[in-house]
């Protein structure tokens with residue numbers, strides 16, 4: 001018989017078997033069972049199968065008796081934080097609070113009707129479908145982890161399914177509307193000049209706000225007429241911000257700029273230099289442009 005996982009030959013010719021039975025609901029430690037002295041590998045394997053079968057019939061409940069809140073705080077949130085960007089984690093904090101509906105329930109007691117009632121409660125509150133979808137995705141990830149850790153047999157959030165996705169209506173400016181808006185800025189005023197250059201760049205390139213905030217002068221090549229987009233700004237406040245890589249390789253791109261945009265950037269660069277040296281293109285004081293400006 002080929003070698004089987006968790007079945008080990010001993011020096012005396014017998015076999016030893018081990019089986020993992022999830023986690024203790026009180027200590028949170030993994031539960032292992034071992035047995036020695038099997039005469040054959042087949043006997044050891046059959047013992048493992050019996051233990052797992054018994055566990056599936058009733059023992060699973062002992063692992064899933066942990067409350068939802070304890071599992072969320074002790075297992076899911078630390079695991080989630082280690083796998084996502086800080087920006088993503090910070091944005092998810094408010095969604096974690098939406099899961100408080102399940103806080104005092106045991107994992108094993110949460111059934112599909114409870115998940116549906118939770119969704120309906122958010123509908124009644126007036127939350128958008130897209131927001132409810134994003135919170136449901138977090139809930140589904142919580143139960144996915146519980147299933148992977150052997151604490152639940154299945155994912156009830158997947159059973160219920162997510163809500164229907166809204167089709168957002170996106171309004172685009174026409175060239176005429178943009179020209180009317182951009183003409184309202186007084187380019188003799190340093191602040192208006194910054195806003196003029198910022199909105200012009202937005203309209204002509206379509207970059208994201210976090211990408212625009214992270215653009216440094218070194219990324220603009222006036223000779224070739226290009227700007228390299230390969231970074232993103234994580235901005236919490238004036239004292240806490242930092243530049244990160246874009247989320248994916250496909251997010252890195254070289255954009256070609258038209259002559260008017262290059263001319264506006266050159267004009268802004270000269271005006272900015274009179275204030276002092278600035279690392280970022282769209283900045284007055286060295287720190288990134290605030291998202292809510294103006």
| Computed over the Cα atoms, what is the radius of gyration of segment 80-184 divided by 2.2 N^0.38 Å, N being its residue count? | 1.45
| task | Take each of the peptides 133-141, 81-89, average the number of other beta-carbon atoms within 10 Å over its residues, and list them starting from the highest. | result | 133-141, 81-89
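If packing is taken as the average number of other Cβ atoms within 10 Å across a peptide's residues, how do 146-156, 107-117, 177-187 rank, most packed first? Each step should come with its number before you reach the end.
Working: 146-156: 17.9, 107-117: 15.9, 177-187: 12.4.
Descending mean neighbour count gives 146-156, 107-117, 177-187.
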| request: Divide the volume of the convex hull of the Cα atoms of segment 175-273 by its number of residues and quote the answer in cubic angstrom per residue. | output: 123
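Laboratory data are not the source of any read-out in this text; all were calculated from the coordinates shown. These numbers come from a predicted model, not from an experiment. Reconstructed Cβ throughout: ideal geometry from the backbone, glycine too, with neighbour counts over all protein chains shown.
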